[in-house]
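Below you'll find the structure, written out as structure tokens, and then a few comments.
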Amino acid sequence: MRRDGDVRLHPRQDLAAWRARIPLLGTTIPMNHCSQAPQTDATRAAADCYLDSWNTSGMDWDVWVREVHLAKTAFARLINASVDEIAVFSSVSEATSAVASAIELTDARPTVVVTEAEFPTIGHVWLAQERRGARVAWIPVRDGQIETTDYERAIDDRVALVSVSHGYYLNGFVQDLGAIATLAHAHGALIYVDAYQTAGAVPIDVKSVAVDFLASGCLKYLMGTPGIAFLYVRRDLIESLRPTVTGWFGRVNPFEFRVNALDWSPTASRFDTGTPPLINAYIARAGMEIIDALGIDAIRGWHEILAERLIEGGRARGLTLHGTPEISRRTANTAFLVPDSHHVETAMRQRGVLPSARGPVIRLAPHFYSTLDDIDTALDTLAGVLGTR
Ligand SMILES: Cc1ncc(COP(=O)(O)O)c(C=O)c1O
């Protein structure tokens with residue numbers, strides 16, 4: 001275990017300055033980034049900016065639509081893509097449905113490989129494609145993790161697409177996207193990545209890992225709210241895709257108002273559907289700018305120290321870790337097995353710590369502004385509620 005004098009225990013960012021910008025910290029220790037980020041002064045101001053614009057101008061579509069473009073640009077920057085490779089949705093479910101509607105499922109290639117580590121909504125979208133002839137093949141979760149060898153067994157030349165959750169929502173297990181993408185592509189299959197649990201927490205470079213599609217919302221490590229999600233579509237795929245989940249914002253020029261023609265935007269905005277989520281776009285950009293200002297590598301470095309404290313501190317308090325203790329294979333989410341997670345969440349909230357319950361585990365997911373004291377307090381509170389100390 002690292003000792004408190006260890007220089008690595010001091011993050012690059014000014015914790016006190018960042019903490020002063022998060023009002024919730026006055027009463028509560030947020031440990032629920034795997035579920036919902038707290039409000040910051042910046043995201044609050046961004047929401048106010050839209051509300052003020054609406055209030056004073058009545059309507060300002062040029063500015064509002066430009067704001068959506070800026071939010072797309074911020075997401076593109078985060079994952080090393082170009083803005084014309086990004087579409088906007090109101091949820092990851094909707095983005096996944098749009099991708100599903102665009103891919104070919106043929107008698108020769110009917111299979112969609114899906115992991116049991118997907119957030120349920122992703123599994124539901126692929127299962128819904130069975131009506132279109134899809135055959136869903138499941139990759140199992142064993143001991144809270146997925147082995148790359150299971151992909152080797154499941155992927156063959158009949159696979160149309162491999163759907164992968166980059167970070168497992170239950171315990172933060174991080175999958176090796178590069179290895180999975182290489183396997184998928186070797187068999188002519190596409191790879192779809194749900195990065196909701198890693199965007200803003202783990203460096204993502206869609207070019208170096210060569211993924212075909214990647215989606216994320218903003219309310220977890222990207223410091224935003226529900227109601228908006230982004231989809232990356234690899235540039236050289238765009239022109240070949242015709243999503244049947246579509247709408248007027250997917251057209252070459254939505255403001256041409258041609259009802260009887262279905263033209264396709266030459267960019268990934270062919271995946272856009274209806275009127276975009278405006279206030280959410282303001283907030284999303286403000287949240288992503290925080291992550292950009294801090295730098296994803298600095299954030300990741302601090303997360304690793306926090307995760308180590310959580311794992312070792314949990315062990316010292318008699319808590320049972322769910323999933324691998326290997327820090328390099330985890331997001332900032334550390335999950336402990338508990339008997340009744342909703343009861344534990346409620347009891348911890350009453351004691352001033354905000355964790356996140358999911359099925360058999362309680363998840364502790366700090367972020368860039370969290371301190372080692374926050375971690376110790378959260379662990380003490382959890383152990384106190386469970387009576388393990
Ligand atoms: C990994 C992951 N994917 C998807 C979702 C849900 O996405 P949405 O509600 O935007 O469809 C969540 C929500 O918690 C998640 O953790």
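The values are calculated or read from the model by the stated rules, or taken from the named source; none is laboratory data. Since the structure is predicted, the reported quantities are computational estimates derived from the model, not experimental observations. Cβ atoms come from the backbone with ideal geometry, glycine included; neighbour counts cover every protein chain shown.
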- Message: Looking at (1) in a strand (DSSP E or B); (2) over 30 Å from Leu337 (Cα atoms), which one does Gly188 not meet, given that it meets all the others?
- Response: (1)
- Note on the structure: Checked region 221-246 for anything within 16 Å of the ligand (Cβ to nearest atom) and under 15 Å from Val88 (Cβ atoms); matches are Leu222, Gly224, Thr225, Pro226, Gly227, Ile228, Ala229, Phe230, Leu231, Tyr232, Val245
- Query: Which numbered condition trips up Val99, out of (1) assigned to a loop (DSSP other than H, G, I, E, B); (2) within 13 Å of the ligand (Cβ to nearest atom); (3) β-branched (Val, Ile, Thr)?
  - Reply: (1)
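Across region 135-155, which residue is farthest from Ser208 (Cα to Cα) among those that are in contact (Cβ under 8 Å) with a residue 40 or more places away in the chain and part of a loop (DSSP other than H, G, I, E, B)?
From region 135-155, those in contact (Cβ under 8 Å) with a residue 40 or more places away in the chain are 143-145, 154-155; that's our starting set.
Filter once more, keeping what is part of a loop (DSSP other than H, G, I, E, B): 143-144, 155.
Values: Asp143: 29, Gly144: 27, Ile155: 21 Å.
For region 135-155, the residue satisfying everything is Asp143.
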- Query: Got a sec? Which of Ile327, Ile279, Ile362 is in contact with a helix residue (DSSP H, G or I) (Cβ under 6 Å, 6 or more places away or on another chain) and buried (at least 23 other Cβ atoms within 10 Å of the Cβ)?
  - Reply: Ile362
- Message: Quick check on my filter: what residues within region 124-134 are part of a helix (DSSP H, G or I) and surrounded by fewer than 17 Cβ atoms within 10 Å (Cβ to Cβ)?
- Response: His124, Leu127, Ala128, Glu130, Arg131, Arg132
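Among the candidates Ala160, Ala181, Ala210, single out the residue that is away from the ligand (no atom under 15 Å from the Cβ), modelled with pLDDT under 95 and aliphatic (A, V, I, L, M).
Values: Ala160 fails: modelled with pLDDT under 95; Ala181 fails: modelled with pLDDT under 95.
Of Ala160, Ala181, Ala210, the one residue that is away from the ligand (no atom under 15 Å from the Cβ), modelled with pLDDT under 95 and aliphatic (A, V, I, L, M) is Ala210.
Count, please, the residues in region 98-123 that happen to be within 19 Å of Leu219 (Cβ to Cβ) and buried (at least 17 other Cβ atoms within 10 Å of the Cβ). Working first, answer last.
First pass over region 98-123, keeping only residues within 19 Å of Leu219 (Cβ to Cβ): 118-122.
Imposing the further condition that a residue be buried (at least 17 other Cβ atoms within 10 Å of the Cβ) reduces the set to 118-119, 122.
So the answer is 3.
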- Residue by residue through region 102-123, note down the ones that are assigned to a helix (DSSP H, G or I) and within 16 Å of the ligand (Cβ to nearest atom). Pro120, Thr121, Ile122, Gly123
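Could you list, in sequence order, the residues of region 73-96 that are assigned to a helix (DSSP H, G or I), more than 19 Å from Thr198 (Cβ to Cβ) and within 13 Å of the ligand (Cβ to nearest atom)? First the steps, then the outcome.
If we filter region 73-96 for residues that are assigned to a helix (DSSP H, G or I), which is where we start, we get 73-78, 83-85, 92-96.
Now drop any that are not more than 19 Å from Thr198 (Cβ to Cβ), which leaves 73, 83-84, 94.
Hit for region 73-96 is Glu94, nothing else.
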- Message: Which pairs turn up if I take residues in region 374-389 that are free of Cβ contacts under 8 Å to residues at least 60 places away in the same chain and under 14 Å from Ala347 (Cβ atoms) and look for partners that are of a type in the set (Lys, Arg) and not in a helix (DSSP H, G or I) with beta carbon separation below 9 Å, at least 6 apart in sequence or on another chain?
- Response: Thr381/Arg351; Gly384/Arg351; Val385/Arg351
- Does Ser35 satisfy the condition of being surrounded by fewer than 17 Cβ atoms within 10 Å (Cβ to Cβ), in contact with a Lys or Arg (Cβ under 8 Å, 6 or more places away or on another chain), touching a residue at least 12 places away in the same chain (Cβ under 8 Å) and not β-branched (Val, Ile, Thr)? no
- Message: Taking the conditions exactly as written (within 16 Å of the ligand (Cβ to nearest atom) and either of a type in the set (A, V, I, L, M, F, W, C) or closer than 22 Å to His166 by Cβ (or both)), does Ala215 satisfy them or not?
- Response: yes
